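The values are calculated or read from the model by the stated rules, or taken from the named source; none is laboratory data. Just so you know, these numbers come straight off a predicted model, no measurement behind them. So basically every Cβ, Gly included, is an ideal-geometry build from the backbone, and we count neighbours across all protein chains shown.
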Amino acid sequence: MGRTLHYSIKKEKNFTRKEMKIMINLSEFMSSKEFLGEINQTYNSNLKEVWTCENFWLSPLDYYPNWNMFKGRSAEEVHKIIDDFIATKKDNGIDKIDAVAELEKNGLIIFFHDKGLKTNEIRGFTKVQGNEFNSMLILKTLVQLSKQIPKATIEISDEGKYLLCPLKIKNGKALPLIKDVVQDMKLYALRLIFAKDSQYNIIDKLKNANGFTEYFKNDLHINNPYGELDIKYIDEKLADLKIIEKKLQKVLKERNTPKHMLYFYNLQKISPKDWFNPDLFTRHVVVEDFLNYKMSTGTLMDGFNGEGFGLSDEDSEKTSYEMLAKLGELFSNNDFNMKILGED
C-alpha cells in the first residue's frame with residue numbers, strides 16, 4: 001500500500017447530529033472549489049487540484065452500495081441511483097444524514113463501520129504518497145475539527161516522516177503517543193532477531209527457539225513477513241524521539257515545569273489544556289516545494305499491490321509499465337502494446 005496517514009475521532013458518547021454535520025461539512029469543504037480557491041489565493045498558485053493522491057474524508061456517511069440489491073446494474077448506474085435519491089430528498093427539505101439513514105433502512109447501502117449512524121468512533125485514512133503539503137493539510141484539518149468538537153479525542157499516525165510520532169489531539173492541542181513508537185520498535189526488534197538472513201538473528205543461539213511453527217510465530221507476532229531487515233528503522237525512530245525530547249524539554253522549561261517532570265513517562269499526567277502545539281511534532285514543510293507536485297505512475301503503482309507484484313524501488317516506474325503491459329497481453333490474447341515511459 002502507498003504511504004498513508006491514518007486518523008480517528010472518538011467520544012465517550014455517540015456523536016450528535018450537530019457533530020456529524022460538522023464532520024460532513026468540513027470533509028466536503030476540503031474537496032470543494034472554494035477550498036481550492038483559498039489555497040491558490042494564499043500561496044499565489046494556480047493549482048487544478050489540491051490533493052494529488054487521495055482527498056481528506058472523515059464522515060459518519062462512509063458507506064458502500066449493497067450490491068446484492070443491485071444485481072445486473074453497473075457501478076455507474078448504482079451510484080447514480082443512490083446520489084439521485086439523496087438529491088431528491090434534499091430538494092424536499094430532508095438533510096443528507098436522514099436521506100442516508102433511509103437508504104440504509106431500505107437495505108440499499110451498508111456502512112463501513114458496524115454501528116451505522118449511532119457511533120462514538122469514526123476512522124479514516126488518506127494516501128498522500130510524497131506530497132507533504134497534503135500531509136500538513138490533513139493535520140491542520142484535524143486540529144480544526146478538534147476545536148469544533150471539543151469533547152472528542154482525535155488520533156493520527158503517519159506511515160511517512162511528516163509526523164515525528166503518532167499524536168492524540170483534543171481541542172486544538174496535541175500529546176505525543178510515545179508508547180506507540182516504543183511498541184513499534186519492540187515489534188520490529190522481535191522480527192529482526194527472527195529474520196533468517198539477519199546478522200542479529202539469535203535463533204541458533206537459543207536452546208528452545210528452534211522448531212517454532214509459523215502459526216506459533218504468528219500468534220506471538222515475532223514472525224518476519226517483510227524479508228531482509230536492518231536496524232535503520234529503529235535508529236530513525238530513536239532519532240525522532242531525540243528531536244521530540246529536546247522540543248518538549250524546551251517548552252516544559254519555559255512553563256517552569258519541575259525538573260523531575262521533564263521526561264516521557266510523565267506526559268500522560270499532563271492535562272489536555274496543557275498539551276502542546278501540534279506543529280511541535282512535525283517536520284517543517286516548505287509548501288512551495290509541493291505546489292506543483294506531480295505523482296508519477298511509478299510512485300502510484302508502488303502503492304497499488306506493490307508487494308504482490310514485486311515492484312522494486314530501483315526502477316519502479318519502468319517495472320509498473322512492464323507489469324501493466326503483461327496484464328494487457330493476458331487480457332487481449334497478446335494483441336496489446338504499451339510503450340514504457342521514456343521510450344520513443
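The number of residues in region 80-115 that are surrounded by fewer than 16 Cβ atoms within 10 Å (Cβ to Cβ) and assigned to a loop (DSSP other than H, G, I, E, B) comes to 10. Taking the stated definitions as given, is S157 farther than 30 Å from T282 by Cβ and either surrounded by 12 or more Cβ atoms within 10 Å (Cβ to Cβ) or in contact with a helix residue (DSSP H, G or I) (Cβ under 6 Å, 6 or more places away or on another chain) (or both)? So S157 does not fit the description; no.
In the set (1) over 26 Å from L117 (Cβ atoms); (2) part of a helix (DSSP H, G or I), E77 fails one condition alone, (1).
Scanning region 122-132 turns up one or more residues that are in a helix (DSSP H, G or I) and either in contact (Cβ under 8 Å) with a residue 40 or more places away in the chain or of a type in the set (V, I, T) (or both).
Scoring V285 on the criteria (1) surrounded by 16 or more Cβ atoms within 10 Å (Cβ to Cβ); (2) modelled with pLDDT of 90 or more; (3) not in a loop (DSSP other than H, G, I, E, B) leaves a single failure, condition (3).
Being modelled with pLDDT of 90 or more, more than 30 Å from V287 (Cβ to Cβ) and touching a helix residue (DSSP H, G or I) at 6+ places or on another chain (Cβ under 6 Å) is a property that P65 has. Taking region 36-62, which residues are touching a residue at least 24 places away in the same chain (Cβ under 8 Å) and out of contact with any helix residue (DSSP H, G or I) (no Cβ under 9 Å at 6 or more places or on another chain)? Within region 36-62, just D62 meets the criteria.
Inspection of region 242-253 identifies no residue that is not β-branched (V, I, T) and not in a helix (DSSP H, G or I).
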